[in-house]
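K.L.:
Sharing a structure here in structure tokens format.
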Amino acid sequence: MAALEEEFTLSTVPLGAGPNGLLGVEQSDKTDQFLVTHGGRTVILYKVSDQKPLGSWSVKQGQIITCPAVCNFQTGEFIVVHDNKVLRIWNTEDVNLDKVFKATLSAEIYRIHSIQGTEPLVLFKEGAVRGLEALLAEPQQKIETVLSDDEVIKWTKVFMVFRHPVLIFITEKHGNHFAYIQTFSSRTLSKYTLFHGQEEKSVIQNFTASVDRKFISLMSLSSDGCVYETLIPIHPRDPDENQRVVRSLLLKTVVAGNARSGVALTVLDQDHVAVLGPPLPASKECLSIWNTKFQTLQTSRELPQGTSGQLWYFGENLFMLHGKFLTVIPYKCEVSSLAGALGKLKHSQDPGTHTVPHFVNWETSRGCGFGSQNSEQSKRILRRRKIEVNVPPPAFEQLLSTIKKDSEKDIEVELCKFLAVKRTPDFHTIVGDIVLELLGRHTTEPSFYPRNSLMQLIQTHVLSYSLCPGLMEVALEKTDVQMLQLCLQQFPDIPESITCACLKIFLSDPVQEKMDEQTEILQNGFNADEQNCDSCDRKLNQKPQDAAEETTSCPVVPKRAALLNAILHSAYSEMFLLPHLKDIPAQHVTLFLQYLYFLYLKCSENATMTLPGLHPPTLNQIMDWICLLLDANFTVVVMIPEAKRLLLSLYKFVKSQICICSELNKIEVSFRELQKLNQEKNNRELYSIEVLELF
């Protein structure tokens, strides 16, 4: 689970983007210290834990710093470039940069890279690379030209691979992008053409990269708002040949398409990236953390003052411009796992947290129009899952064989044998494979629907939506409301589109027949008294005054109420749930609002503001769903005559709550005085008379 902690301002000096703004943030030789380079004339050393500067150095009037200052980790000295060709090297004891070591080179510098374990590397604008020591030994040495005419460097980064530095830089020429890999162990320079694939019209706006032993994972944020990944081999077969590599979609629509400013992307670890930019065209810029392994939005934070589109990450700190000030946001992340990426496990999540995951690219359902996932990626996930399974027990092999050809009764017998075997650490993946086998046969034989076996597998409490994609789609197709209810109660990672599809089914008229057939629907949550259910599920074409008279009666039967309660308990992302709520018919929205209002009135009947029953909806869940439904459908619902009395009741309720809060605020001071008097109780005599005046 990823989390953004409270931000703080590191630099109180107004900054800006561009040549005269913030050029960069770089790590010093001490973990808690960072070099901040202003695009004008100044370099400042900050200690983040103390939120204060330790030193400041400036070039003289008329000189301009042209690339970020870095620290030489081998010597502890600082290096900066001004006027493109002039190197300055100093340490913390120096005061005036004009009096420190100076070296003028023969070619213009694009960037100096410095990381632990190697000397600083100087990348020139024409594509050549030199070590710092070689340049200082002969500053005026000739620097070769690597790039072609009109080819310019757009981005660069350096890594350590097997104790040797590997430098990558991306160039652009006439809209085409190229990647150069400079390896210093073999002293080879390889060139790759970045092929855009199917999204030819998108323009690359930002780059970031990570590395393993054999490949560099180059990620790019494009103008269509998507993140693409390109795997580039560190050691190519033929270094002299210009090779082609293709981009593939990694994350879909992480920022609004065609966002022109305030957009940035950086890798945090093997499974997480940070994205800077507006999530929707009309929204403000946000900092968001995405899990690339499970394709989920982990957390986000709005930046109302805007950003410059610059983002740096070191250790556990994210640096960016918020407005005109350099801001630090501490970042925490656990080891990537499905449960952590989803942030929805009911037993592990802190009730006080509000991390909201976003689900994208889910498995394409067969025959249903729900969410989709790239089929190749889905196969890759399933293959990985099967590889991770240890040697399967004999009962598992026998069960799979039975599923392929035998009857539903035979499958139930073998399933009981399998479930009686002692569980292994990979039990959840094996159960997921069994469900997929059952669904696979259902696809080829539509008449084959092993409902009892599927229900039994769901009740093992080890499944999730991602482990058995397609299960809920089949249940929706069959209008199997009991199976949907169990899935909603147990799956922590259900896409918002599926949640809304379940809600449509639960509110529809045909579901009444299914509820009568499936008598085993769990009566979770509040159960209305029988006398209150005589007029349950009344038609919405009643006169408004008739509906008003029944505000104290439950508007739905207990079985339908239990299904709706399962919806209230489900996890969701508000941003991605609202579009699906707009597709629900207005009459069903009105019915759901009536039920929610009824639940609220029942909550208000007791001092604890809770409902009776096993796992009933909470007051917060009830209020959140009322707000969601009104946000998504208010302009439609307000035009329905049957909903007029309900909306007026909700309005009066909100108005009364505001009045109550106002009155409570007025007597807050009096309560504080009473508390003080209670704290002074020990100072009183055995007997006293006190007069308290409340105004």
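The values are calculated or read from the model by the stated rules, or taken from the named source; none is laboratory data. Because the structure is a prediction, the values reported are computed rather than measured. Note: ideal-geometry Cβ built from the backbone for every residue, glycine included; neighbour counts use all protein chains shown. All accessible areas refer to the heavy atoms of the entire protein, side chains included, with ligands and DNA or RNA removed. Shrake-Rupley method; radii C 1.70, N 1.55, O 1.52, S 1.80 Å.
K.L.:
Please report, ordered by residue number, the strands (runs of 3 or more DSSP E) entirely within segment 277-316 with at least 1 residues that are under 11 Å from the mean Cα position of the chain (by Cα) and surrounded by 14 or more Cβ atoms within 10 Å (Cβ to Cβ).
P.N.:
Ranges flagged: 286-291, 296-302.
K.L.:
When the residues of segment 59-92 are narrowed to those that are charged (D, E, K, R) and over 14 Å from T37 (Cβ atoms), which ends up surrounded by the fewest Cβ atoms within 10 Å (Cβ to Cβ)?
P.N.:
Among them, the one singled out is K60.
Table: residues versus (1) at pLDDT below 90; (2) β-branched (V, I, T).
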position: S407; (1), (2): no, no
position: K417; (1), (2): yes, no
position: T424; (1), (2): yes, yes
position: F427; (1), (2): yes, no
position: I434; (1), (2): no, yes
position: T443; (1), (2): no, yes
position: S453; (1), (2): no, no
position: Q456; (1), (2): no, no
position: Q459; (1), (2): no, no
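K.L.:
Suppose the filter is out of contact with any Asp or Glu (no Cβ under 6 Å at 6 or more places or on another chain), at pLDDT 95 or above and open to solvent by 50 Å² or more (accessible area, probe 1.4 Å); does K99 pass it?
P.N.:
Criteria not met by K99.
The rows are residues; the columns are (1) in contact with a helix residue (DSSP H, G or I) (Cβ under 7 Å, 6 or more places away or on another chain); (2) open to solvent by 80 Å² or more (accessible area, probe 1.4 Å); (3) part of a loop (DSSP other than H, G, I, E, B); (4) free of Cβ contacts under 8 Å to residues at least 24 places away in the same chain.
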| position | (1), (2), (3), (4) |
| --- | --- |
| T610 | yes, no, yes, yes |
| Q621 | yes, no, no, no |
| N633 | yes, no, no, no |
| V636 | yes, no, no, no |
| K644 | yes, yes, no, no |
| L650 | yes, no, no, no |
| E663 | no, yes, no, yes |
| L674 | no, no, no, yes |
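K.L.:
Another one. For segment 439-487, how many residues meet the condition of being touching a residue at least 24 places away in the same chain (Cβ under 8 Å), more than 32 Å from the chain's Cα centre (by Cα) and in a loop (DSSP other than H, G, I, E, B)?
P.N.:
So the answer is 4.
K.L.:
Out of L249, L231, I need the residue that is more than 26 Å from P68 (Cβ to Cβ) and touching a residue at least 60 places away in the same chain (Cβ under 8 Å). Which one?
P.N.:
L249 is the lone residue from the list that is more than 26 Å from P68 (Cβ to Cβ) and touching a residue at least 60 places away in the same chain (Cβ under 8 Å).
K.L.:
State whether one or more residues within segment 578-588 are surrounded by fewer than 18 Cβ atoms within 10 Å (Cβ to Cβ), farther than 27 Å from N606 by Cα, of a type in the set (G, A, S) and modelled with pLDDT under 90.
P.N.:
yes
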